[in-house]
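All remarks here apply to the structure that follows.
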Amino acid sequence: MDSIPIILFLIVFIMILFGYPVALTLGGISVLAGLIFFDADFFYLVSLRIYGIMNNFVLLAVPLFIFMGLTLEKSGIAEKLLETMAILFGKIKGGLAYSVIIVGGMLAASTGIVGATVVTMGLISLPTMLRRGYDPKLATGVIASSGTLGQIIPPSVVLVLLGSVLNISVGNLFTSALLPGMTLVFLYLIYVAILSVINPSMAPAMPKEVLEEFRRKKNTLDIINAFFLPFILIFAVLGSIFMGIASPTEAAGIGALGALTLSYIQGSINLKKLKDISAETTKLTSIVFMILLGATSFSLVFRGLEGDKILVDLITSSNLSPEVFLIYVLITVFITGFFIDFIEIIFIVVPVIAPILIALNIDLIWVGIMLAINLQTSFLTPPFGFSLFYLKSVSPKEIKTTDIYKGVVPFVIIQVLFLVFLFFNPEYIYIIPDFLENYNS
């Protein structure tokens, strides 16, 4: 009997690897297991769980943040932002790469949707970088890594879901994730700066005539519209959370309305685009919540069979220290990220380990931040990183898969080293929360 929960978990994982729909796999196995090991009352418990999810105010932030990000991307605001940054950094070697990294960070702070950001950045910036003589490996590495910053930089859908599953404050996760996210952007910039000095041919400056043509087409007002208005929107969303004015869900509503207003001001939104954005938001949100409902049902069965108790007893009897157990968790999530999406990992793996983390008295905010960075790293890691496939799907024919693989390796190393730093320096994530707490008091 003790092995049944573990067997169910392995069955789910294997079926997902074979390509069966995640939500239906989780829900189907849960129903079958409920019928076999419990009675009809099991379905009553499932309905209570589902009703609890429907009443979870925090999860309302998911569709609102998705809507906000898609509005900024499909309305062309992201493209204008990238063009403006290219003008500002075009004179210096590696300038285009700097602009891609910074815009990637800003898009991350307004979307939290990795796939959409990577595809958008790939379509907009990759052809330009190749035309300006950038090394394909550096260009693809910069785009793929910058596009995944949405995993850690708030407001992030990943952090919203992690907060819900770990039963911790999403607002605290946002404030704790801000400095690590900004640090990753800074480390990426340092890497490009060093590379452009060591090998300038990999990241040349833009030709003067190209910059002059840009400036003839763009006036000061265009630059203000393209750069500062999105920045104000990001500040309004994050600032309202950090200053305690709004909850993450309320801030998501501000962001969604602000993105629509911004698009209207710039004349880049119409009824057709709004319809497409709404349809895509509904699709992505439905996928997330279908998986969540299936995972909730599976979690109910798993705990009903005392699977969490078995794992806790197994860990405690093996005399693993909390630190060693956490290392095992991070390695497992890292490897699992090669094969399945972050949503599945959050809803399948995290609920299983959460009781153990609590039993071992491990700081869940700290764990949440490291899990988010870990998931971000697994998105980039060859050969199965999802971001690599997203980028390859929109890359020109001359870009080889090996170019993308080689390009992301330095950025993966940067992220792993930073993850190790956070593991040994957990207080780093509390610098901004402590400052805000002192400021608000």
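The values are calculated or read from the model by the stated rules, or taken from the named source; none is laboratory data. It should be emphasised that the depicted structure is a prediction, and the values quoted were computed from it without experimental measurement. FYI the Cβ positions are ideal-geometry reconstructions off the backbone, even for glycines, and counts take in every protein chain you see.
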- Item | Failed item, numbered, when G27 is tested on (1) at pLDDT 75 or above; (2) over 14 Å from I291 (Cβ atoms) | (2)
- Any idea which residue in segment 250-281 is nearest to L59 (Cα to Cα), counting only those that are of a type in the set (S, T, Y) and touching a residue at least 24 places away in the same chain (Cβ under 8 Å)? T281
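If you go through segment 122-144 one residue at a time, do you hit one that is part of a helix (DSSP H, G or I) and closer than 30 Å to D434 by Cα?
From segment 122-144, those part of a helix (DSSP H, G or I) are 122-131, 136-144; that's our starting set.
Applying the additional criterion that residues be closer than 30 Å to D434 by Cα yields none.
No, there is no match, as no residue in segment 122-144 is part of a helix (DSSP H, G or I) and closer than 30 Å to D434 by Cα.
Just to be sure, is A246 under 19 Å from the mean Cα position of the chain (by Cα) and not aromatic (F, W, Y)? Before you say what the answer is, go through the steps one by one.
Working: under 19 Å from the mean Cα position of the chain (by Cα): no; not aromatic (F, W, Y): yes.
For A246, the condition - under 19 Å from the mean Cα position of the chain (by Cα) and not aromatic (F, W, Y) - is not met.
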- With respect to K309, determine if the residue is modelled with pLDDT of 80 or more and not hydrophobic (A, V, I, L, M, F, W, C). no
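Looking at A359, A372, which is the one that is in contact with a Ser or Thr (Cβ under 8 Å, 6 or more places away or on another chain) and buried (at least 22 other Cβ atoms within 10 Å of the Cβ)?
Working: A359 fails: buried (at least 22 other Cβ atoms within 10 Å of the Cβ).
So the residue among A359, A372 that is in contact with a Ser or Thr (Cβ under 8 Å, 6 or more places away or on another chain) and buried (at least 22 other Cβ atoms within 10 Å of the Cβ) is A372.
Out of L60, L82, L64, L70, which single residue is part of a helix (DSSP H, G or I), at pLDDT below 75 and touching a helix residue (DSSP H, G or I) at 6+ places or on another chain (Cβ under 7 Å)?
Numbers: L60 fails: at pLDDT below 75; L64 fails: at pLDDT below 75; L70 fails: at pLDDT below 75.
Answer to the selection: L82.
Quick one: which helices (runs of 4 or more DSSP H) lie wholly within segment 334-419 and hold at least 1 residues that are out of contact with any Cys (no Cβ under 6 Å at 6 or more places or on another chain) and over 23 Å from T120 (Cβ atoms)?
Working: elements: 342-359, 364-380, 386-393.
Result: 342-359, 364-380.
Among the listed residues K392, K400, identify the single one that is basic (K, R) and either modelled with pLDDT under 85 or buried (at least 22 other Cβ atoms within 10 Å of the Cβ) (or both).
Details: K400 fails: either modelled with pLDDT under 85 or buried (at least 22 other Cβ atoms within 10 Å of the Cβ) (or both).
K392 is the lone residue from the list that is basic (K, R) and either modelled with pLDDT under 85 or buried (at least 22 other Cβ atoms within 10 Å of the Cβ) (or both).
Out of segment 86-97, which residues are buried (at least 23 other Cβ atoms within 10 Å of the Cβ) and in a helix (DSSP H, G or I)?
We begin by selecting, within segment 86-97, every residue buried (at least 23 other Cβ atoms within 10 Å of the Cβ); these are 86, 94-97.
Answer for segment 86-97, where residues must be buried (at least 23 other Cβ atoms within 10 Å of the Cβ) and in a helix (DSSP H, G or I): A86, G95, L96, A97.
Would you point out which residue out of N225, N219, N270 is more than 16 Å from G69 (Cβ to Cβ) and at pLDDT 80 or above? Before you say what the answer is, go through the steps one by one.
Working: N225 fails: at pLDDT 80 or above; N219 fails: at pLDDT 80 or above.
Among N225, N219, N270, only N270 is more than 16 Å from G69 (Cβ to Cβ) and at pLDDT 80 or above.
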- Item | Considering residues of segment 228-267 that are hydrophobic (A, V, I, L, M, F, W, C) and assigned to a loop (DSSP other than H, G, I, E, B) only, the residue modelled with the lowest pLDDT | M243
